[in-house]
Amino acid sequence: MHNTNDKRPSTSKAPSPNIPSNDSHESRKADHIRINLEEDVTFNKLTSGLEKYFFLHQALPEIDLAEVNTHTQVFGKTLSTPLLISSMTGGTAEARQINRTLAAAAQEVGIAMGLGSQRAAIEDNTLAGTYRVRDVAPDILLFANLGAVQLNYGYGLDHCRRAVDMIEADALILHFNALQEAVQPEGDGNFAGLLTKVEAICRALPVPVIAKEVGWGFAENTARQLVSAGVAAIDVAGAGGTSWSQVEMYRAPTARLARVAGAFIDWGIPTAVSLQYCRAAAPNLPVFASGGIRNGIDVAKCIALGANLVGFAGEFLRAADKGGVEGVVELAGAITDELRVTMFCSGAGDLPTLAQTPLRREF
């Protein structure tokens, strides 16, 4: 991947010759896959904040490592481990293969998966097959996905139902990506009055609705508004992992747009902070943690801070790209092994116990 000490763009940046000039959803999705695989789209200084926390090591854990149990239940489905393949892609031939690889691995391991935004397939039904994975993953907890802001651009209950039915989903993600929309030349920036429309969907849709940020986190007041609107779960998707403003910087067709996007390289609420905000706002709902999660130790920290599921995106994308189903299965297994060892060395034999295990914070 591309690396530089200062990831802010030069104001003389020229448009990339690899960026298609048309504004189709399909070309945009292809850009996103390519940029995530080829460029450094991480934050510069801002981190997930999880590195500031540590477990008290238990030299005498008084449990058997072989009996440590990572199973959990979300929306009535049992998962072997609290991992979520976070929403990434769809809408292109390459995305179809990636999604099917990820889903087949999720089925084999017993973990949850979200699909990328299905707007492309809602507007062009020929792309629906790039999202359909139930034939290779009949049992997984599977999330459909639409941008919440589209409710201000003509989308309604029918579109949400179509997204769910398209992939036989267990729940619908409405993702909130205000910063990404603001720095996209083709972005949809009207977020006014959106909450009442989200509430209408939550009341009428027959499956749970999940509110998801895309990498900058939810503040506590926003999480409380979403809970009041009726969301069934929140995915904090905090700062510290993939920065979609950086992705848009690499897509920018002019130096000015690249500069504006690049200025937000360290914007957002760190995952560890947003997770605690969302847990305080939604004490009785599932909360998912994602954004800059590095390994099973981070997964354990998120569980101890209040998460029910923990999501990875970029790592699973790269594993699918390089190693196929086997590579994704291996990665999920390694992360789960790290989680189990963390639980063992913290004296937690199962996830409910881990959720009650205190973390210490470094100062």
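Derivation of every value follows stated rules applied to the coordinates shown; laboratory data play no part. The model shown is predicted, which means the values in this text are computed figures rather than measured ones. Reconstructed Cβ throughout: ideal geometry from the backbone, glycine too, with neighbour counts over all protein chains shown.
Can you confirm whether the range 175-193 contains a residue that is more than 24 Å from THR271 (Cα to Cα) and in contact with a strand residue (DSSP E or B) (Cβ under 6 Å, 6 or more places away or on another chain)?
No, the conditions are met nowhere in the range 175-193.
Is it the case, given these coordinates, that ARG132 is out of contact with any strand residue (DSSP E or B) (no Cβ under 9 Å at 6 or more places or on another chain), farther than 24 Å from SER290 by Cα, of a type in the set (Lys, Arg) and not in a strand (DSSP E or B)? Before you say what the answer is, go through the steps one by one.
Values: out of contact with any strand residue (DSSP E or B) (no Cβ under 9 Å at 6 or more places or on another chain): yes; farther than 24 Å from SER290 by Cα: no; of a type in the set (Lys, Arg): yes; not in a strand (DSSP E or B): yes.
Against the criterion (out of contact with any strand residue (DSSP E or B) (no Cβ under 9 Å at 6 or more places or on another chain), farther than 24 Å from SER290 by Cα, of a type in the set (Lys, Arg) and not in a strand (DSSP E or B)), ARG132 does not qualify.
Report, by residue number, each residue of the range 71-122 that is farther than 18 Å from VAL164 by Cα and part of a loop (DSSP other than H, G, I, E, B).
Once the filter is applied, which keeps residues that are farther than 18 Å from VAL164 by Cα and part of a loop (DSSP other than H, G, I, E, B), the range 71-122 yields HIS71, SER80, THR81, PRO82, THR92, GLY110, ILE111.
Yes/no matrix, rows are residues, columns are (1) without any contact (Cβ under 8 Å) to a residue 24 or more places away in the chain; (2) surrounded by 24 or more Cβ atoms within 10 Å (Cβ to Cβ):
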| site | (1), (2) |
| --- | --- |
| ASN284 | yes, no |
| ALA289 | no, yes |
| ILE297 | no, no |
| VAL310 | no, yes |
| GLY314 | no, no |
| ARG318 | no, no |
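Given (1) crowded, with 22+ Cβ neighbours inside 10 Å; (2) within 19 Å of ALA239 (Cβ to Cβ), identify the lone condition not met by MET343.
(2)
Tell me, yes or no, whether the range 106-118 has at least one residue that is touching a His at 6+ places or on another chain (Cβ under 6 Å), surrounded by fewer than 24 Cβ atoms within 10 Å (Cβ to Cβ) and in contact (Cβ under 8 Å) with a residue 40 or more places away in the chain. Steps first, please.
Narrowing the range 106-118 to residues touching a His at 6+ places or on another chain (Cβ under 6 Å): none.
Among the residues of the range 106-118, not one is touching a His at 6+ places or on another chain (Cβ under 6 Å), surrounded by fewer than 24 Cβ atoms within 10 Å (Cβ to Cβ) and in contact (Cβ under 8 Å) with a residue 40 or more places away in the chain, which makes the answer no.
Which condition from (1) in contact with a helix residue (DSSP H, G or I) (Cβ under 6 Å, 6 or more places away or on another chain); (2) in a loop (DSSP other than H, G, I, E, B); (3) without any contact (Cβ under 8 Å) to a residue 60 or more places away in the chain is the one that GLY154 breaks?
Unmet condition: (1).
Which residue is surrounded by the fewest Cβ atoms within 10 Å (Cβ to Cβ), if the candidates are limited to the range 55-102 and must be of a type in the set (Gly, Ala, Ser) and touching a strand residue (DSSP E or B) at 6+ places or on another chain (Cβ under 6 Å)?
Kept after step one, since they are of a type in the set (Gly, Ala, Ser), are these residues of the range 55-102: 59, 66, 76, 80, 86-87, 90-91, 93, 95.
Remaining after also requiring touching a strand residue (DSSP E or B) at 6+ places or on another chain (Cβ under 6 Å): 86-87.
Values: SER86: 31, SER87: 25.
Only one residue tops the list, namely SER87.
Give the residue, chosen from GLY238, GLY217, GLY189, that is over 19 Å from SER86 (Cα atoms) and of a type outside the set (D, E, K, R). I'd like the intermediate steps shown before the answer.
Details: GLY238 fails: over 19 Å from SER86 (Cα atoms); GLY217 fails: over 19 Å from SER86 (Cα atoms).
Only one candidate qualifies: GLY189.
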